[in-house]
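Colleague: Below is one structure. I have some questions about it.
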Amino acid sequence: NGRGRSRPAPRPHRGTSAVARVKILITGATGFVGRHLMAILAKTYPQAELIEAACDITDAQALAERVAGVRPNGCVHLAAVAAIGDARANPGRAWAINLHGTLNLAHGILAHAPECRLVYASTADLYGKSFQSGEKLDETALLAPMNIYGATKAAADLALGVLAGEGLRVVRLRPFNHTGPGQQPNFAVPAFARQIMRIAAGLQPAVLKVGDLEPYRDFLDVRDVCAAYAACLHPDLDLPAGCILNIASGTPRRIGDVLTDLLQIAGVSASIETDGALLRRSDIPMAAGDASAAHAVLGWQPQIEWATTLTDVINDWRQRAAS
């Protein structure tokens, strides 16, 4: 089933001779997740050389030349059109980056760095309609995306599985919703926090514009997700090519309750108004994941308390509002 239940690996640690010679290539290194990942990789593998891809992943030749020049031991592929709204607004770009850009990277690695382990940042959004079961999904759940973003990521996920059969050393991680400081407000948690801190700073009336607050989602701290990516690069970790691992908290949270918690942390009172422009048709009242495979294989589980995540998001937007 691709879940890769091999023996538990030791957690990444400092100072091993194997790590000293490692080159890690990162696509999307300057994005929200990428900035957190770079910090965690630097701490986890202090002797490794961290190298940004720094090229257009839709340019197959440029990307192949970059891989050939670096010859990485490991690669984390984050670059993507990651917001559902952005993918809907420009589906051609989403397919070009999320599918074809991923294939460009995979073929470049096969041709020029075949020993490189590719860690692919997939998404739980590819499960789509399978969430309608109301159960926590594991890696065997049917892929049934319900939007362009999920479809492009599912296509890339499946394509990489095929290339694993041709020798690509890829592990596909499927993280659930993740947030944290630095995220842009086209996602629910930072969108709430931005408005709350603008209200606190007197920059907008005490009215919060929101979409549907009833769905339940499985939220994670971005730093916990990045810890999973980093763990996959450990030199002692034995993973079968094409391995699939969910990265999830297993705890579904109502979006309206997340908003309430943010208001309490910030000490702000505001009225709530539903904005039709923010409503997105959803047939998924609850989405949650089973990450027991990641725990068994990587020794991974969330470490950061949810209250800490929300506090860090509020503090981040407090600073942004002040500036």
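What follows is calculated from the coordinates using simple rules that are stated; it is not laboratory data. Please read these numbers as outputs of a predicted model, since none were measured by experiment. Glycine gets a Cβ as well: all are built from the backbone with ideal geometry, and neighbour counts include every protein chain shown.
Colleague: Report, by chain and number, residues whose modeled amide H sits under 5 Å from the one on ALA79, excluding near sequence neighbours (fewer than 5 apart, same chain).
Modeller: THR27, GLY28
Colleague: Let's see if you can work this out: charge +1 on each Lys and Arg Cβ, -1 on each Asp and Glu Cβ, no other charges. What is the dipole magnitude of the chain about its Cα centre, in debye to the nearest 20? Write down the numbers at each step before the final one.
Modeller: Details: 31 positive and 29 negative charges, 82 e Å.
Rounded to the nearest 20 debye, it is 400 debye.
Colleague: Using the Karplus curve 6.51 cos²θ - 1.76 cosθ + 1.60 with θ = phi - 60°, what ³J(HN,Hα) values do you get for each residue of the stretch 149-154, in whole Hz, with x for Gly and Pro?
Modeller: 4, x, 5, 5, 6, 5
Colleague: Now, a different point. What is the packing order of peptides 193-201, 123-131, taking the mean over residues of other C-beta atoms within 10 Å and listing the highest first?
Modeller: Per-residue mean Cβ counts within 10 Å order the peptides as 123-131, 193-201.
Colleague: With an 8 Å cut-off on Cα pairs and a minimum separation of 6 or more residues, tell me the relative contact order of the stretch 39-193 in percent.
Modeller: Over the stretch 39-193, the number comes to 24 percent.
Colleague: Where does the chain land at 222 nm, in deg cm²/dmol rounded to the nearest 500, when only DSSP H runs of n ≥ 4 count, each adding -39500 (n - 2.57), divided by all residues?
Modeller: Calculated mean residue ellipticity at 222 nm is -11500 deg cm²/dmol.
Colleague: At 0.692 mPa s and 37 °C, plugging the Kirkwood radius over alpha-carbon pairs of the stretch 125-204 into Stokes-Einstein gives what diffusion coefficient in µm²/s?
Modeller: In µm²/s, the coefficient is 214.
Colleague: Now a separate question. Just to confirm the number: angle between the C-alpha axis of helix 102-112 and the first principal axis of the chain, 0 to 90 degrees, nearest 10?
Modeller: So the inclination is approximately 20 degrees.
Colleague: Amide H of GLY250: which non-local residues (sequence gap of 5 or more, or other chain) have their own amide H closer than 5 Å, using H built in the peptide plane?
Modeller: GLY289
Colleague: For MET286, which sequence-distant residues (separation of 5 or more, or a different chain) have an amide H within less than 5 Å of its own amide H, given hydrogens modelled in the peptide plane?
Modeller: TYR216
Colleague: Turning to a different aspect of this structure: Suppose a student asked you for the relative contact order of the stretch 161-240, using Cα pairs under 8 Å spaced at least 6 residues apart; what percent would you report?
Modeller: Here the relative contact order equals 38 percent.
Colleague: Cα centroids of the stretch 219-243 and the stretch 87-115: how far apart, whole angstrom?
Modeller: Using only Cα atoms to place each centre, the spacing works out to 20 Å.
Colleague: OK, next. State log₁₀ I(q)/I(0) for the chain at q = 0.11 Å⁻¹ as given by the Debye formula over alpha-carbon point scatterers of equal weight, solvent excluded.
Modeller: -0.69
Colleague: Further question on the same structure: Going 7 Å from the Cα of GLU273 in the Cα-to-Cβ direction, what parts of the stretch 170-207 have a backbone nitrogen less than 13 Å from that spot?
Modeller: 204-207
Colleague: Can you tell me what the convex hull of the Cα atoms of the stretch 211-323 projects to on average, as an area in nm²?
Modeller: 9.7 nm²
Colleague: Separate question: Calculate the spin-label point distance for HIS295 paired with ALA83, positioning each point 7 Å from the Cα along the beta-carbon direction, and give it in nanometres.
Modeller: 3.5 nm
Colleague: Using only C-alpha atoms and all pairs of different ones, pull out the Kirkwood radius for the stretch 180-270 in Å with one decimal.
Modeller: Kirkwood radius, the stretch 180-270: 15.5 Å.
Colleague: Each residue of the stretch 299-304 in order: what ³J(HN,Hα) in whole Hz does its phi give by Karplus 6.51 cos²θ - 1.76 cosθ + 1.60, θ = phi - 60°, with x for Gly and Pro?
Modeller: Karplus-based 3J(HN,Hα) across the stretch 299-304 equals x, 8, 7, x, 10, 8 Hz.
Colleague: Compute, for the stretch 78-189, the length of the dipole vector about the Cα centre, with Cβ point charges of +1 (Lys, Arg) and -1 (Asp, Glu) only. Units Debye, rounded to 20.
Modeller: 140 debye
Colleague: Right, something else. Hey, if you put +1 on the Cβ of every Lys and Arg and -1 on every Asp and Glu Cβ in the stretch 146-299, which of LEU245, MET197, GLN183 ends up farthest toward the positive end of that dipole?
Modeller: The listed residue farthest towards the positive side: MET197.
Colleague: What's the angle, to the nearest 10 degrees (0 to 90), between helix 32-44's Cα axis and the longest principal axis of the chain?
Modeller: Relative to the chain, helix 32-44 is tipped by roughly 50 degrees.
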